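Written out below as structure tokens is the structure these notes cover.
The values are calculated or read from the model by the stated rules, or taken from the named source; none is laboratory data. It should be emphasised that the depicted structure is a prediction, and the values quoted were computed from it without experimental measurement. No Cβ is skipped: glycine too gets one built from the backbone with ideal geometry, and neighbour counts run over all protein chains shown. Heads up: the accessible areas ignore ligands, DNA and RNA and are worked out on the full protein's heavy atoms, side chains in. Shrake-Rupley method; radii C 1.70, N 1.55, O 1.52, S 1.80 Å.
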Amino acid sequence: MNQFKLKALACVVPCYFAAFSTHAEPLSLGASVIYAQSPYRGGQDRYIPIPVINYEGENFWFRSLQGGYYLWKDQQDQLSLTLLGSPQQYDPKDNDLGDMKALDKRRMTLMAGATYRHVADWGIVRTALLGDVLNNSNGIIWDLTYLYRFDFGAFSLTPGIGAMWNSANQNRYYYGVSSHESARTGIAEYQPDDSWSPYVEMNASYQISDSWNASLSGRYTRFDSEIKDSPMVDKSGQFTLWTGISYSF
């Protein structure tokens, strides 16, 4: 239990899957696809192809959409400064509803902060505190997760439960409606506060050979009322799925 790996990165749309390798091959390359359910009224679900490029060094690591520098690293504990690309966005051109088409665009951004992971016989604790560094949302997120891994030979299954905290700025950028937007579209003005959204996730990995690995990760997030009550949103939660295959060198 004190060493395990998941070869495909899991990501955020809008919730953050974090790749959680305590021990990894120096380099692995592959391909993956993310399915992200749109939380927005009239929004289109997205399929996002992402290359798997994972590198694990003594001081630096890189896992597709995120990378970092270890401040502390041993078999049980890893603390690192982290830079992560968030693909969360809202593009009014992709919406099917007239009023939603007139809203402003919400852009993807870059998040920076710290991540920590503790591995023990009783499970894995994973947490990340990240803030927007491109001045798009000026928001902060805090992700806290507990996971436990089951091994069945070449196949492993790692269920998890956690919660995502969004600051008020994060929610207002992606789910709020300004007075200018309300006047232009007829959608009610909305300014949410911060929120806690619980989630469950499942990560599966199959070691095809010594070098090849296939992975499947899924997460369902139950929206806090601050998100669910937004006039932009018509769902009580969001489902995200990641599938990929990689080759380790």
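Counting heavy atoms of the protein chains alone, Ser28 has an accessible area of about 0 Å² for a 1.4 Å probe. Solvent-accessible surface of region 31-186, averaged per residue with a 1.4 angstrom probe and all protein chains in place: 47 square angstrom. Working from Cα pairs under 8 Å separated by at least six residues, relative contact order for the chain is 20 percent. Here each label is just a point 7 Å from Cα along the line to Cβ, and for Leu134 and Ala120 those points are 3.8 nm apart.
Placing +1 on each Lys and Arg Cβ and -1 on each Asp and Glu Cβ, with no other charges, gives the chain a dipole about its Cα centre of roughly 320 debye.
About its Cα centre, the dipole of region 71-157 is roughly 160 debye, where the only charges are +1 on Lys and Arg Cβ and -1 on Asp and Glu Cβ. What the Cβ-Cβ distance of Ser179 and Asp45 gives, at R0 = 35 Å and to the nearest 0.05, is a FRET efficiency of 0.70. Which one of Phe150, Gly131, Gly98 has its Cα pushed farthest toward the positive end of the charge dipole of region 98-159, where Lys and Arg give +1 and Asp and Glu give -1 at the Cβ? So the residue furthest toward the plus end is Gly98. The gain in end-to-end length when the Tyr206 to Tyr55 segment is fully stretched comes to 52.4 nm, 0.36 nm per residue minus the alpha carbon separation. Spin-label model, Leu27/Asp94: points 7 Å from Cα along the beta carbon direction are separated by 3.2 nm.
For region 142-249, carbon and sulfur atoms together expose 61% of the accessible surface, with a 1.4 angstrom probe and every protein chain in place. Dividing the summed helix terms, -39500 (n - 2.57) for each DSSP H run of n ≥ 4, by the number of residues in the chain produces a 222 nm estimate of -2000 deg cm²/dmol to the nearest 500. Among Arg184, Arg219, Arg126, the residue with the largest mean-square fluctuation in a Gaussian network model of the chain, with springs joining Cα atoms closer than 10 Å, is Arg184. A simple charge model with +1 on the Cβ of Lys and Arg, -1 on the Cβ of Asp and Glu and nothing else charged puts the dipole of region 106-181 at about 120 debye relative to its Cα centre.
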